[in-house]
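FYI, it's all coordinate maths here, none of it is from the lab. These figures come from a predicted structure and were not determined experimentally. Note: ideal-geometry Cβ built from the backbone for every residue, glycine included; neighbour counts use all protein chains shown.
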Amino acid sequence: MTQEPPEEDLTPTPQLGPGDTPNINPLSVQAASVVRSIDALSTIFWLCFLGFFLSIFFAGLAQLEDNAYTDFIFLGEYQVPKAILPLASLSFAVFAFWLVSNRLQMLSYVLSTTALSFTTIRDLFHLNPPVLHVFDEGNENPWSLLSGVSVFIFIWAVFLGNSMALIWAGVVQQGALVSEFDPVLLSVYGVALVLVTLYGTRSIVPPLRAILSTLHGTEFKLGWQRHTMAILIIIGTVMINEFDQFSSMVDQENDLLGPAYANAIDGETLYIRGAEVALFGIDAVERNQVCQDATGKDYPCGQRATQALQELVQNQEVICFPLVGINARRILAMCELYDEANMPGSPGDFLQGYRPNSLSRLMIVSGHAVGAGIGVNTYEGEQLEAQTLRRGIWQGSFMPPRLWRSSQ
């Protein structure tokens with residue numbers, strides 16, 4: 001006996017008319033708004049974490065020895081200009097601050113207008129722990145270093161500290177080019193950094209305070225503890241990135257290095273008592289650089305520059321005033337051939353008046369180097385003399401050392 005199929009329900013499904021609205025619970029819409037706000041903030045927070053790690057990565061790369069002496073950071077066969085990194089960091093900070101502020105304001109509005117119970121709202125926050133930690137009641141304690149707000153401040157303090165280190169690397173060229181200090185660019189970046197920090201503080205703190213006040217019924221304050229922590233972290237991050245700039249590995253007496261005999265490493269670098277000393281204010285042709293003479297024929301101008309510096313120091317002691325440590329084994333200094341009768345009394349003596357035994361001056365006047373930074377004005381007459389008399393690299397054509405390094 002076969003079973004007959006059930007009769008089909010032919011009752012028509014009611015259709016919504018033009019003026020009808022679907023039966024949707026308004027609380028469901030409000031809950032969805034809270035969830036969307038929380039998810040958006042979570043995505044932005046992870047974006048901030050990514051920027052935090054990238055800032056550490058590039059600040060570390062800028063301190064590597066191969067990158068410290070150039071205008072670029074080398075990534076395999078690619079070259080990233082250092083001058084772009086501070087701009088990229090500040091742009092990312094503005095974009096991230098804008099996103100966070102926008103979503104915080106959206107969440108604050110949703111919380112202030114919702115009919116959902118706060119128990120339900122807290123349960124929704126529990127769906128996304130990173131966001132929950134930032135809005136948890138424990139953030140009211142400014143001494144809690146593991147609260148969400150404190151961790152968020154730590155991340156941004158490290159990011160801003162690394163941005164400051166990248167700004168320093170972008171406007172102060174290390175090695176023999178450390179004298180190419182650009183105060184205008186540093187001032188512009190400094191003002192931009194202050195403005196970005198103020199924008200972030202003024203755009204994020206008010207809606208954050210409003211949200212926490214709505215959730216917990218108390219007035220939220222960052223507190224001097226968190227401000228102090230942020231300042232110390234920023235200073236510490238900069239110091240870690242520029243540690244070699246603020247220290248010297250040479251034991252000195254009366255701020256002097258030498259007098260001692262030295263050897264030339266290249267046309268602008270000496271080896272003295274275990275330290276590599278870059279001559280201040282000049283940029284010599286590189287050791288492997290090739291130039292063209294008056295007839296257009298190639299010749300090893302870099303080797304001749306190294307030989308010229310070696311001939312200057314091989315039979316006479318050298319005395320130097322170290323200015324700054326470049327890395328663990330290299331410093332920048334003003335150096336002269338030692339003359340007891342004409343002993344300099346301070347670093348300022350090297351820049352005031354005529355110093356006949358200045359190695360930087362002698363390398364420029366012989367035509368093996370060009371002025372860099374302060375040296376452009378200090379040795380302007382010597383460079384003009386070498387150019388007029390066609391000495392050294394001025395006998396023909398040559399690529400400026402900075403451009404030659406970039407091409408290599």
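Of note:
- Cβ-based exposure ranking for E336, E219, in which fewest neighbours within 10 Å come first: E219, E336
- Dipole axis of the range 257-407 (+1 Lys, Arg; -1 Asp, Glu on Cβ), positive-most option in M334, C291, F321: C291
- Alpha-carbon centroids, the range 358-377 and the range 289-331: separation in whole Å: 11 Å
- Rounded FRET efficiency, nearest 0.05, which uses the C-beta distance separating Q408 from N377 and R0 of 30 Å: 0.60
- Inter-label distance for W98 and V80, nm, one decimal - labels placed 7 Å from Cα along Cα-to-Cβ: 2.2 nm
- Working ranking of peptides 294-300, 159-165, 140-146 by packing, defined as the average number of other Cβ atoms within 10 Å per residue, highest first, is 159-165, 140-146, 294-300.
- Cα-based shape type of the range 257-407, given that a ≥ b ≥ c are square roots of the gyration tensor eigenvalues and the cut on a/c is 1.5: prolate
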